[in-house]
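Some notes on the structure that comes next.
The values are calculated or read from the model by the stated rules, or taken from the named source; none is laboratory data. Fair warning: this is a prediction, and the values are worked out from it, not measured in the lab. Every residue, glycine as well, gets a Cβ built from its backbone with ideal geometry; the counts of neighbours run over all protein chains shown. Surface accessibility is based on the protein's heavy atoms, side chains included, excluding ligands, DNA and RNA. Shrake-Rupley method; radii C 1.70, N 1.55, O 1.52, S 1.80 Å.
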Amino acid sequence: MDTPITRAEHEEFRRTVNAEFERMTAEDNRINKRLTTLESNNRQIQELTVSVQKLTDNIEHMRQLQEDEGKRLNAIEGRDGEMWRKVLSYTITAIISIVLGFIFAQIGF
């Protein structure tokens, strides 16, 4: 470092350093914008994941309720069908009893 540099060399070096600094600053700004966008996207993905989980839980709950309602509906429908079968059975029994009673009355029993 015994030889001093000229003013022109110094200015050229300063311009080069400033240009490199400006380029790096611009690159840092672009990277910061990309990071901000990525963070925003990541936050949206996390919110979406939470929403999907809640939706899954709700669907599972609705499925369970629907199964329970189906079982209750089958029980109600079965009860009505069973009642009609009993009514029909009692009616047929009564008709047969009347017919047999009439026949036995005619025979003399």
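So here's what we get for this one:
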item: Carbon/sulfur fraction of accessible area - the range 56-103, other protein chains in place, 1.4 Å, %; result: 66 percent
item: Charge dipole magnitude, Cβ of K and R +1, D and E -1 - the range 2-59, Cα centre, debye nearest 20; result: 320 debye
item: Residue (of S97, I5, L38) at the positive-pole extreme of the chain, dipole from beta-carbon charges; result: S97
item: Over the range 1-46: Rg over Rh, Cα atoms, Kirkwood Rh; result: 1.44
item: Listed residues L55, V87, A19: farthest to the positive end of the dipole of the chain (Cβ charges); result: V87
item: Residue-normalised accessible area of the chain, expressed per residue, 1.4 Å probe, Å²; result: 95 Å²
item: Folded to 0 to 90 degrees: helix 7-107 orientation relative to the chain principal axis, Cα; result: 0 degrees
item: Estimated distance in nm for a label pair at I96 and R79, the labels positioned 7 Å out from Cα along Cα-to-Cβ; result: 2.9 nm
item: Student exercise, the chain dipole from Lys, Arg, Asp, Glu Cβ charges, in Debye to nearest 20; result: 700 debye
item: Cα-Cα separations in the chain greater than 19 Å, expressed as whole percent; result: 79 percent
item: Interatomic Cα distance distribution for the range 58-109, bins of 5 angstrom, percent; result: 5, 17, 10, 12, 9, 9, 8, 7, 6, 5, 4, 3, 2, 2, 1
